[in-house]
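Every read-out reported here was derived from the displayed coordinates using simple, explicitly stated rules and does not represent laboratory data. Computed from a predicted model, the values in this text were never measured in an experiment. Glycine gets a Cβ as well: all are built from the backbone with ideal geometry, and neighbour counts include every protein chain shown.
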């Protein structure tokens, strides 16, 4: 989707995930939004990314600007190049289709359940089973199959790392073993990894970071043009803040 840039006006762009229909998109289920031209000097745009209460589909978003610059010393004007400002990011999901109710990302302020590093983590055919620290009764009373969580800093390896971070749906809750299972099959990195490792027990000693679970409650970005020099690089021209 392209957006025109009016001159000398600060902008507000609101992007809502309203997708309730299963469909396959190119570029790993990624949507693209871009400004047709550069922002003007000192012009800002606030971008609010949210979801409708009925959205169920997990999509990603990338935001680009048609950046125009010149090459020194000839000062040759280059054609605009779609340059990524931020992304890819996961669009929030606020609906649990298993129970047909609003999910934890919609209803809760935080997700304070911790992954236990005293038990092994297993990955079988795209299903990641995570042991939790909290007592089974609170897991059973609160977490629901069909809710959507973010998994961050889930990196495996000591010399080289594989990153399984992303946004995933809960497919199983085992209160006997105090585990939840996330469906990672929509992550191409996981699919590639599982081709040669169909069943994996991830020893916690192989983790290269401390993984954690969370909620995607939407986000806000601000992009400001901070340079009026045509020769400025993209990084010099734009201040990009996650608010």
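Using only alpha carbon pairs under 8 Å that are at least six residues apart, calculate the relative contact order of the range 95-214 and give it in whole percent.
After rounding, I find 34 percent.
Could you pull the Rg and Dmax for the range 1-42, using just the Cα atoms, both in Å?
Cα radius of gyration and Dmax of the range 1-42 are 14.1, 41 Å respectively.
For the chain, what class follows from the C-alpha gyration tensor (a ≥ b ≥ c being the square roots of its eigenvalues): rounded when a/c is under 1.5, otherwise prolate if a/b is larger than b/c, else oblate?
It is prolate, given that a/c is not under 1.5 and a/b is the larger ratio.
Label 7 Å along Cα→Cβ of residue 48; the range 6-42 residues with amide nitrogen under 11 Å?
Those under the cut-off are 12-16.
Can you give the calculated 222 nm mean residue ellipticity of the chain, where each DSSP H run of n ≥ 4 adds -39,500 (n - 2.57) and the sum is split over every residue, rounded to the nearest 500 deg cm²/dmol?
-2500 deg cm²/dmol
Suppose each label sits 7 Å from its Cα in the direction of the beta carbon; what would the residue 98-residue 117 distance come out to in nanometres?
Here the modelled spin labels are 2.8 nm apart.
Starting from the Cα-Cα distance between residue 108 and residue 77, subtract it from 0.36 nm times their residue separation and give me the gain in nm to one decimal. Don't jump to the answer; show the numbers that get you there.
On the way: separation 31, 0.36 × 31 = 11.16 nm, distance 5.04 nm.
Length difference between fully extended and current span is 6.1 nm.
For the chain, what is the relative contact order in percent, using Cα pairs closer than 8 Å and at least 6 residues apart in sequence?
21 percent
Rounded to the nearest 5, what % of DSSP beta bridges with both residues in the chain are antiparallel?
In the chain, approximately 75 percent of DSSP beta bridges are antiparallel ones.
Kirkwood hydrodynamic radius, the range 95-214, all distinct C-alpha pairs: what's the number in Å?
One decimal place: 14.7 Å for the Kirkwood radius.
Between 132, 11, 78, which gets the highest mean-square fluctuation from a Gaussian network model of the chain, Cα cutoff 10 Å?
78
Can you figure out the FRET efficiency of residue 141 with residue 66, using R₀ = 45 Å and their beta-carbon distance, to the nearest 0.05?
Plugging the Cβ-Cβ distance into 1/(1 + (r/R0)^6) gives 0.35.
Given the Cα-Cα distance of residue 155 and residue 41 and 0.36 nm per residue of separation, how much length would full extension add, in nm?
Full extension from residue 155 to residue 41 adds 37.1 nm.
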